[in-house]
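Worksheet: the structure to be examined is printed underneath.
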Amino acid sequence: MLDLTDYRAILRLEFNLRRSRNPKYSLRAFARDCKISPSRFSEVLNEHNHLSISSGLKIAQYLGLPPQAAKSFIDSIFLESQKADGRKGSQKLHLSMDSNIVDRN
């Protein structure tokens, strides 16, 4: 089952949608469209690294995610960053990110 609360699953879903329209569409092309290096993109998808919230905001914008999908995408990145950093802070940053998503769309 697809977990749309995981930003990697959202990225994979978007990649698969694009690939269904163009079978020659590659992960390298998807990384280019997300404005991230292919090696870093591969590390993120293979769970060897994670996205920063600022990178996630840019990617959500580049991909044209609808507001609710963008919020889920950023929330997922935020939760993972909390786990990875072992912190529970940064609530102010997270709330300001929510308003950025709403303001941009």
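The values are calculated or read from the model by the stated rules, or taken from the named source; none is laboratory data. Everything quoted here is computed from the prediction, not taken from an experiment. Please note: Cβ atoms are built from the backbone with ideal geometry, for glycine as well, and neighbour counts cover all protein chains shown.
So here's what we get for this one:
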read-out	value
Failed item in (1) assigned to a helix (DSSP H, G or I); (2) surrounded by 16 or more Cβ atoms within 10 Å (Cβ to Cβ); (3) under 12 Å from the mean Cα position of the chain (by Cα), with S81 passing the rest	(3)
Residue in the range 44-54 that is assigned to a helix (DSSP H, G or I), modelled with pLDDT of 95 or more and within 18 Å of D6 (Cβ to Cβ) present	no
Qualifying residue in the range 13-31 (condition: in a loop (DSSP other than H, G, I, E, B), modelled with pLDDT under 90, touching a helix residue (DSSP H, G or I) at 6+ places or on another chain (Cβ under 8 Å) and surrounded by 15 or more Cβ atoms within 10 Å (Cβ to Cβ))	no
Residue in the range 63-73 that is surrounded by the most Cβ atoms within 10 Å (Cβ to Cβ), counting only those that are without any contact (Cβ under 8 Å) to a residue 60 or more places away in the chain and within 16 Å of I53 (Cβ to Cβ)	A70
Residue match in the range 36-43 (condition: in a helix (DSSP H, G or I), without any contact (Cβ under 8 Å) to a residue 12 or more places away in the chain, in contact with a Phe, Trp or Tyr (Cβ under 7 Å, 6 or more places away or on another chain) and not charged (D, E, K, R))	no
